[in-house]
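Structure first, commentary second.
The values are calculated or read from the model by the stated rules, or taken from the named source; none is laboratory data. From a predicted model like this one, the values you see are computed outputs, not experimental measurements. Note that each Cβ is placed from the backbone with ideal geometry, even for glycine, and that neighbours are counted across all protein chains shown.
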Amino acid sequence: MLLAPSKKALVPFVSVANMMRLVHHVGVEIFLKELTDAIEADFARWPEFDKTPRLGSHSHDGVIELMPTSDGQIYSFKYVNGHPKNMAQGLQTVTAFGLLADVATGYPVLQTEMTVLTALRTAATSAMAARHLAPKSSRTMAIIGNGAQCEFQALAMRAVLGIESVRLFDIDPKATEKALRNLAGSGLETVACTSAQAAIEGADIITTCTADKAFATILTDNMVGSGVHINAIGGDCPGKTELHPDILKRADTFVEYPPQTWIEGEIQQMPKDYPITELWRVVTGETEGRRDPRQITLFDSVGFAIEDFSALRYVREKIRDTQFFEELDMIADPDDPRDLFGMLSRAAG
């Protein structure tokens, strides 16, 4: 006789449909603001986490990566890819899913889609960094690269920093049209620009989020004036950058996890004695972020596993006592843990 699975065998699973329902149930901007706070709370206890650069399998088509971490009580990992050529086939550049597990038993406690959730956590991380690094009076931002991440970035900056105006540019006008359409009714003033130079005029925060897997120069030194915050999120693998090195020479640069950022971030262009500051040290008050109105701050963001941990932890809490998940029978759980074959045999009857 085959017994019903125990509760330990059933793992809460958040599908794409349920993730979208959850976000709308909470409210997009509230979700982004709460997620920003959750990420900041984990940055404030950064030393508690296991940390390792993500494990990447690179090919000429893109990269497939695993991003693990643990705070000693909960373990998490994310599977994520980056395939810029996918767009030409009508496919997503980035797809992802993730898992939380109980360190004490090793049993999973949550599995979820993370394509939507990664976009949300990337935007929330950007907003968290900008809260510490951008001018306090920031009201206008520029977004260079109006693809899948664009609207999330704009709404996170509105929710967390009070951004009022977004200036948009993409080499593909259809991407900008899409962003204008999606941000209509958001309360943000949106302006379509004909060049990156035009987009950054008057912007307090400049976000670059392009997808091309190549050394690129989205911003040149002469384009960037003093007193701005640059949020560079497009670079996320070896050989992929967005900023001219001369910009980095003028900027104070903040990073997530240096061993990963040296491989994947804007700083891969720089000599190893180039000065950088780990963002968690700013969050804890150990060091200063923005200290001068004329200072150029740069968040060289490549994405790190602790941000995914925060997002998974946040979602696990938000789905409690809701209908925004289903239970998957994922873990074999025999009555006698030594008798796995017996459980299999009984299933034949």
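In the set Ala123, Ala154, Ala129, Ala134, which member is surrounded by 24 or more Cβ atoms within 10 Å (Cβ to Cβ), in contact with an Asp or Glu (Cβ under 8 Å, 6 or more places away or on another chain) and not aromatic (Phe, Trp, Tyr)?
Matching residue, one of Ala123, Ala154, Ala129, Ala134: Ala134.
Just for strands (runs of 3 or more DSSP E) wholly inside region 134-253: which have at least 1 residues that are at pLDDT 95 or above, outside the structural domain of Asp37 (by TED's automatic domain parsing) and β-branched (Val, Ile, Thr)?
Filter on region 134-253 gives 140-144, 165-169, 189-192, 205-208, 229-232.
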Original post:
Which of the residues belonging to region 17-57 are of a type in the set (A, V, I, L, M, F, W, C) and over 13 Å from Phe309 (Cα atoms)?
Top reply: Ala17, Met19, Met20, Leu22, Val23, Val26, Val28, Ile30, Phe31, Leu32, Ala44, Leu55
Subject >> Residue check for Asn86: buried (at least 21 other Cβ atoms within 10 Å of the Cβ) and under 23 Å from the mean Cα position of the chain (by Cα) >> reply: no
Original post:
Could you say which residue among Ala203, Ala196, Ala232 is at negative phi and either surrounded by fewer than 15 Cβ atoms within 10 Å (Cβ to Cβ) or under 21 Å from the mean Cα position of the chain (by Cα) (or both)?
Top reply: Ala232
Original post:
Among the listed residues Phe341, Phe324, which satisfies the condition of being more than 29 Å from Ile206 (Cα to Cα) and assigned to a loop (DSSP other than H, G, I, E, B)?
Top reply: Phe324
Original post:
Quick one: how many residues across region 55-89 are assigned to a loop (DSSP other than H, G, I, E, B) and touching a Phe, Trp or Tyr at 6+ places or on another chain (Cβ under 8 Å)?
Top reply: 1
Original post:
Are any residues in region 75-104 of a type in the set (Val, Ile, Thr) and either free of Cβ contacts under 8 Å to residues at least 24 places away in the same chain or in contact with a helix residue (DSSP H, G or I) (Cβ under 7 Å, 6 or more places away or on another chain) (or both), and if so, which ones?
Top reply: Val80, Thr93, Val94, Thr95
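Condition check ((1) closer than 18 Å to Val315 by Cβ; (2) among the basic types (Lys, Arg)) across all residues:
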{"residue": "His60", "(1), (2)": "no, no"}
{"residue": "Leu66", "(1), (2)": "no, no"}
{"residue": "Ile74", "(1), (2)": "yes, no"}
{"residue": "Lys85", "(1), (2)": "no, yes"}
Subject >> Scope region 257-280; condition touching a residue at least 24 places away in the same chain (Cβ under 8 Å), under 18 Å from Pro245 (Cβ atoms) and of a type outside the set (Ser, Thr, Tyr); matching residues >> reply: Ile263, Glu264, Gly265, Glu266, Ile267, Gln268, Gln269, Met270, Ile276
Subject >> Number of positions in region 1-35 that are surrounded by 14 or more Cβ atoms within 10 Å (Cβ to Cβ), modelled with pLDDT under 95 and assigned to a helix (DSSP H, G or I) >> reply: 1
**OP:** Being farther than 26 Å from Lys174 by Cα and either in the same structural domain as Leu298 (by TED's automatic domain parsing) or not in a helix (DSSP H, G or I) (or both) is the filter here, so list the residues in region 110-128 that pass it.
**Re:** Leu110, Gln111, Thr112, Glu113
Subject >> Residue that is surrounded by the most Cβ atoms within 10 Å (Cβ to Cβ), among those in region 287-316 that are over 19 Å from Asp204 (Cβ atoms) and of a type in the set (Phe, Trp, Tyr) >> reply: Phe309
**OP:** Report, by residue number, each residue of region 288-326 that is within 21 Å of Ile30 (Cα to Cα) and among the hydroxyl-bearing types (Ser, Thr, Tyr).
**Re:** Ser310, Tyr314, Thr322
**OP:** Quick one: in region 256-274, of everything that is assigned to a helix (DSSP H, G or I) and among the aliphatic types (A, V, I, L, M), which residue is surrounded by the most Cβ atoms within 10 Å (Cβ to Cβ)?
**Re:** Ile267
